[in-house]
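**Q** Got a structure here, written out as structure tokens. Questions coming.
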Amino acid sequence: MHTWRQRIRPEQIRELSLIGLIVIALLIFGWQIENFLSARTFNRITSSVAIVGMVAIGQTLVVLTRNIDLSVGSIVGFTAYFVGSQLAANPGLPPVAAIVLAVLTGGALGLVNGLIVAYGRVPAIITTLGTLAIYRMLLINYANARTITVDSLPSWVVELSRQTLFAIGDFAVRPLFAITIAAMVVFQFVLAYTVFGRRLYAIGSNPEAARFAGLPAQRTVLAAFVLCGMLAGMAGFLFLARFGNITAVAGQGIELESVAAVVVGGVNTFGGSGTVLGALLGAFLIDLLGQGLLRWLGISEFWRDALLGLLILLAVASDSVILGWLRRVWAAPALRAEVSNER
Amino acid sequence: MQVAPVLEMRDISRRFGSTQALAGVSLRLYPGEVHALLGENGAGKSTLIKIMTGVHQPDSGQILLDGRPVRIGSTLEAQRLGIAAIYQEPLMYPDLNVAENIFIAHAGRGPLVDWGKMYREAEAILNQLDVRLDVRQPARGLSVAAQQTVEIAKALSLQVRVLIMDEPTAALSAHEVEQLFAIVRRLRAQGVAILFISHRLEEVFDIADRITVFRDGRLISSAPRADVTVEQAIRDMAGRSVEQLFPRRHTVRDEVLVQVRDLGRQGAFHGVSFEVRAGEVLGFAGLVGARRTDVGLALFGIAPADHGTITIAGQTVRITNPRQAMRHGIAYVSEDRRGLGLSLPMSIAANITLPTLRRYLNPLGLLRRQTELATAEEFRRRLAIRAPSVEVEVGKLSGGNQQKVMLSKWLNTRPRLLILDEPTRGIDVGAKAEVHQMIDDLAAEGIAIILISSDLPEVLAMSDRVLVMREGRQMGIFTRHEATQERVLAAAMGQRDAVETARWAVSEG
């Protein structure tokens, strides 16, 4: 007999409860704030989630292996500026080439992180804290106090953030958001149905057992960092398309936002469990709360960072408490089943 | 003259889950006496030490210090009562110097450190032990012997009255053992009561005034050294009750599957030679520190051998990582299920297919999850894994069922040689019997099995032949008929003639 308890696992409960929280937040804000449930709000949130979500997908891959990438903000900034300046210099560059350039640039920066972590055996938090500063310095040097402006970019880039791919009623889905959703679907699939995905979970949840099972741990961790860099590079391109005006501080703080999204999305910081769908929902919830509270309580932009910090702490604390509780509730009938099996 | 005991353990019992670790044990430690404690793995020695040092509380029984009942609630209280223990691997603060390590436990001396005074006192204590050691040297880089000396000095600085030494000589050279024994004799002369635990019989008979033997959590014998012979001590340690000898089928085939010659790894073991035939169970017996697991890890490529040859099915192979080992059909089921074996947050199915994921790819290179589940389901039935479904997280299962998942995982690699390292440690009796049945079945299928186990009756019951190791050396191989508890234990404790005796007995018979 299959009961609903057996069909749904605690991890999926995490995703369902995120959706529940998002719905509740939408209802409260919609009731309290005039014109909150509008196409404008939707557009604002999806544009922002497109960028943070893309980075959070990569961050998920890295966190699953029990590592972290703090340099993603700098990678986003560097790629956005680098690709922007190339496009400004060569307006004839085809869109596909621009995107490939962004992904490769990010991938190269991620490769450096991965090599140092996987083969140099430097803890990820130290490595990427170092490259966070170094990549930013590279950008500042490269930018040399110049700014990339919307006017210098080919029009198709800027159009990406304005076009409507398709619309549901008043709610328009922009290409930027669609790209991120597509990436999420791809990586959700990669995690569930590929050998690489399974290895990420295995290496994160028990590195020693992975070694005993003959898994190539170093290569897998390296690949996670390279992919994280590539996704951050892609996010850099989305950043360029969304804002058009790029300075040397572009993308600062995205590392915190992506870690927040991943953690709120239920990815275990000790590795081994979590999904990219969860991370994207986490990014969505965070942005929704930010936008909503901003307008409802009239809090300042600076509160947003504090809100992020608070959500991270709440998520991690509730993770151990709530998930532990959920597991017990789930385990109880399972144990009873076990006992009756034995009879 | 009648001397009163310093410490008396009276009728102490302690149970862990279904295991009775100590059952009504009484022991007296006298000042100026070295009291040796002998016993096989799991005889209850460690539990007794932990009760004496306040790590565990007894379920029943009394502890008397100077004739007065005391409660030892923590290691700190034990220290305050003058009871200290030193272990095989001393616990040092590597970045603090020798003097700081000696006085680390001293509280209530005021907030400021009087460095000059501390160095003088540390030197005085080391002098008292007749040891030359620079008290300003950091503990990092000290030899194990020197670290033990620091631990003894630390105990002395705390006015120790009962010193427990748990296998202190296991990591020492012969010369260092001599130095340690000189210190022990000096402490004895000062009136310290010493509880000395060692697997080296010659040392025990060299230093002890009294010898006590534990078995299955009970005190079997306790007598002055002069009244005990080596043979008698071994007999007392052995005689473990074997509730039910497993009726192994004879399944050994002619084909030699694995042949190992003179295998060794620097600093771990050397000179290990054996062969395993298809369908044979080769037991690995030995006491703690015999390095049996290291041989298993070398065969599996986790800690590769640096000496000797491994021949599998007639072909000499080099094994330097687990992938190579798996390619040659070797599987290793580790003793540490949680640490080395299983990914607890992952499902039963995902754990089972982890080493063999490539087998589950469809033409597009994607995992066929239905096939994975089918495999897992098959093992769940075959090994009677008790779980509501194969998608349940492994972390939720009981120890015995986790062990079965481990076995499934490695059986799924379709091994020719299966290395089982302590496959029944910490699982309940029922699950244990199932594992034994499984070993018999697997051997009947023609798999060669190496069974590493510290449970002597288990090794003897399950093995076709038994290889005995001691401190990284192979002491001998006994056939099922030769392998009695006494002989195996004597070999494991370094009584080499026991091996000869066995050979002789067989050629005579």
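**Q** Is there any pair with a first residue in region A:138-158 that is touching a residue at least 60 places away in the same chain (Cβ under 8 Å) and within 14 Å of A:F237 (Cα to Cα) and a second that is surrounded by fewer than 16 Cβ atoms within 10 Å (Cβ to Cβ) and not hydrophobic (A, V, I, L, M, F, W, C) whose Cβ atoms are under 7 Å apart and which are 6 or more apart or on different chains, and what are they?
**A** If the second residue must be surrounded by fewer than 16 Cβ atoms within 10 Å (Cβ to Cβ) and not hydrophobic (A, V, I, L, M, F, W, C), the pairs left are A:I148/A:N245; A:V150/A:N245; A:P154/A:P91; A:W156/A:P95.
**Q** Shifting gears a bit: What's the number of the only condition in (1) more than 9 Å from chain B (Cβ to nearest Cβ); (2) of a type in the set (S, T, N, Q); (3) farther than 17 Å from A:V262 by Cβ that A:T180 fails to meet?
**A** A:T180 satisfies all of (1) more than 9 Å from chain B (Cβ to nearest Cβ); (2) of a type in the set (S, T, N, Q); (3) farther than 17 Å from A:V262 by Cβ except (3).
**Q** Inspect region B:200-216 for any residue being in a loop (DSSP other than H, G, I, E, B), closer than 18 Å to B:M52 by Cβ and in contact (Cβ under 8 Å) with a residue 12 or more places away in the chain and give the result as yes or no.
**A** Among the residues of region B:200-216, at least one is in a loop (DSSP other than H, G, I, E, B), closer than 18 Å to B:M52 by Cβ and in contact (Cβ under 8 Å) with a residue 12 or more places away in the chain, which makes the answer yes.
**Q** Follow-up. Look at A:L231 and say whether it is at pLDDT 95 or above and either surrounded by fewer than 19 Cβ atoms within 10 Å (Cβ to Cβ) or out of contact with any Asp or Glu (no Cβ under 8 Å at 6 or more places or on another chain) (or both).
**A** When the stated conditions are applied, A:L231 passes them.
**Q** From the set of residues in region B:378-415 that are among the charged types (D, E, K, R) and buried (at least 16 other Cβ atoms within 10 Å of the Cβ), which is farthest from the chain's Cα centre (by Cα)?
**A** Going through the qualifying residues, I end up with B:E391.
**Q** Does B:A331 satisfy being in contact with a Leu (Cβ under 8 Å, 6 or more places away or on another chain), within 23 Å of B:R470 (Cβ to Cβ) and not β-branched (V, I, T)?
**A** no
**Q** Working only within region A:101-127, note down all residues that are outside any helix (DSSP H, G or I) and either surrounded by 23 or more Cβ atoms within 10 Å (Cβ to Cβ) or of a type outside the set (A, V, I, L, M) (or both).
**A** Matches in region A:101-127: A:G120, A:R121, A:P123.
**Q** Quick check on region B:7-22. Is at least one of its residues under 14 Å from B:D166 (Cβ atoms) and of a type in the set (D, E, K, R)?
**A** no
Table: residues versus (1) β-branched (V, I, T); (2) more than 30 Å from B:D306 (Cβ to Cβ); (3) modelled with pLDDT under 85.
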position: B:R185; (1), (2), (3): no, yes, no
position: B:G191; (1), (2), (3): no, yes, no
position: B:I207; (1), (2), (3): yes, yes, no
position: B:I211; (1), (2), (3): yes, yes, no
position: B:L219; (1), (2), (3): no, yes, no
position: B:G239; (1), (2), (3): no, yes, yes
position: B:L245; (1), (2), (3): no, yes, yes
position: B:R248; (1), (2), (3): no, yes, yes
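**Q** Can you say whether B:A182 is touching a helix residue (DSSP H, G or I) at 6+ places or on another chain (Cβ under 9 Å) and assigned to a helix (DSSP H, G or I), as far as the supplied structure shows?
**A** no
Residues are listed down the side, and each one gets a yes or a no for (1) under 21 Å from B:M237 (Cα atoms); (2) touching a Lys or Arg at 6+ places or on another chain (Cβ under 6 Å):
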{"residue": "B:V25", "(1), (2)": "yes, no"}
{"residue": "B:Y30", "(1), (2)": "no, no"}
{"residue": "B:G42", "(1), (2)": "yes, no"}
{"residue": "B:G54", "(1), (2)": "no, no"}
{"residue": "B:Q62", "(1), (2)": "no, yes"}
{"residue": "B:I72", "(1), (2)": "no, no"}
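**Q** Taking region A:183-222 on its own, how many of its residues are of a type in the set (V, I, T) and away from chain B (no Cβ under 11 Å)?
**A** Selection size over region A:183-222: 4.
**Q** Would you mention how many residues in region A:76-92 are of a type in the set (G, A, S), in a helix (DSSP H, G or I) and more than 20 Å from the chain's Cα centre (by Cα)?
**A** Residues meeting the conditions: 4.
**Q** Continuing with this model, one more query. If you go through region B:456-509, how many residues are more than 25 Å from B:D216 (Cα to Cα), of a type in the set (V, I, T) and modelled with pLDDT of 90 or more?
**A** Number of matching residues: 2.
**Q** Conditions first: (1) closer than 25 Å to B:I452 by Cα; (2) free of Cβ contacts under 8 Å to residues at least 60 places away in the same chain; (3) more than 8 Å from chain A (Cβ to nearest Cβ). B:I352 passes all but one, so which condition is the exception?
**A** Only one criterion in (1) closer than 25 Å to B:I452 by Cα; (2) free of Cβ contacts under 8 Å to residues at least 60 places away in the same chain; (3) more than 8 Å from chain A (Cβ to nearest Cβ) is unmet by B:I352, namely (2).
**Q** Taking into account only those residues within region B:102-141 that are surrounded by 11 or more Cβ atoms within 10 Å (Cβ to Cβ) and touching a Pro at 6+ places or on another chain (Cβ under 9 Å), which is modelled with the highest pLDDT?
**A** Among those that are surrounded by 11 or more Cβ atoms within 10 Å (Cβ to Cβ) and touching a Pro at 6+ places or on another chain (Cβ under 9 Å), it is B:P138.
**Q** Ok, one more. Output the number of residues of region B:292-328 satisfying the condition of being farther than 26 Å from A:P216 by Cα and either surrounded by 22 or more Cβ atoms within 10 Å (Cβ to Cβ) or within 13 Å of chain A (Cβ to nearest Cβ) (or both).
**A** Residues that pass the stated criteria total 1.
**Q** For region A:234-256, enumerate the residues that are assigned to a loop (DSSP other than H, G, I, E, B) and among the aliphatic types (A, V, I, L, M).
**A** A:A248, A:V249, A:A250
**Q** Determine, yes or no, whether B:L287 is in contact (Cβ under 8 Å) with a residue 24 or more places away in the chain, at the interface with chain A (Cβ under 8 Å from one of its Cβ atoms), of a type outside the set (S, T, N, Q) and outside any helix (DSSP H, G or I).
**A** no
**Q** OK, next. Within the bounds of region A:252-260, is there any residue that is in contact with a helix residue (DSSP H, G or I) (Cβ under 9 Å, 6 or more places away or on another chain), more than 14 Å from every other protein chain (Cβ to nearest Cβ), closer than 15 Å to A:T60 by Cα and among the polar types (S, T, N, Q)?
**A** yes
**Q** Restricting to strands (runs of 3 or more DSSP E) lying wholly in region B:436-483: which have 1 or more residues that are within 24 Å of the chain's Cα centre (by Cα) and basic (K, R)?
**A** Answer list for region B:436-483: B:465-470, B:473-479.
**Q** I've got another one for you. Only one of B:R200, B:R225, B:R186 is under 18 Å from the mean Cα position of the chain (by Cα) and of a type outside the set (A, V, I, L, M); which?
**A** B:R200
**Q** Separate question: Can you spot a residue in region B:386-409 that is within 11 Å of chain A (Cβ to nearest Cβ) and within 28 Å of B:A290 (Cα to Cα)?
**A** yes
**Q** Among the residues of region B:84-137, how many are touching a strand residue (DSSP E or B) at 6+ places or on another chain (Cβ under 9 Å), in contact (Cβ under 8 Å) with a residue 60 or more places away in the chain and part of a loop (DSSP other than H, G, I, E, B)?
**A** 1
**Q** Which members of region B:1-29 meet the condition of being of a type in the set (A, V, I, L, M, F, W, C), in a strand (DSSP E or B) and surrounded by 14 or more Cβ atoms within 10 Å (Cβ to Cβ)?
**A** Passing the criteria: B:L7, B:M9, B:I12, B:A21, B:L22, B:A23, B:V25, B:L27, B:L29.
**Q** Filter region A:29-60 for residues that are modelled with pLDDT under 90 and of a type in the set (A, V, I, L, M); which is surrounded by the most Cβ atoms within 10 Å (Cβ to Cβ)?
**A** The residue in question is A:I33.
The values are calculated or read from the model by the stated rules, or taken from the named source; none is laboratory data. This structure is a prediction, so every number in the text was calculated from the model and none was measured. Methodologically, a virtual Cβ is constructed for each residue, glycine included, from the backbone with ideal geometry; neighbour enumeration extends over all protein chains shown.
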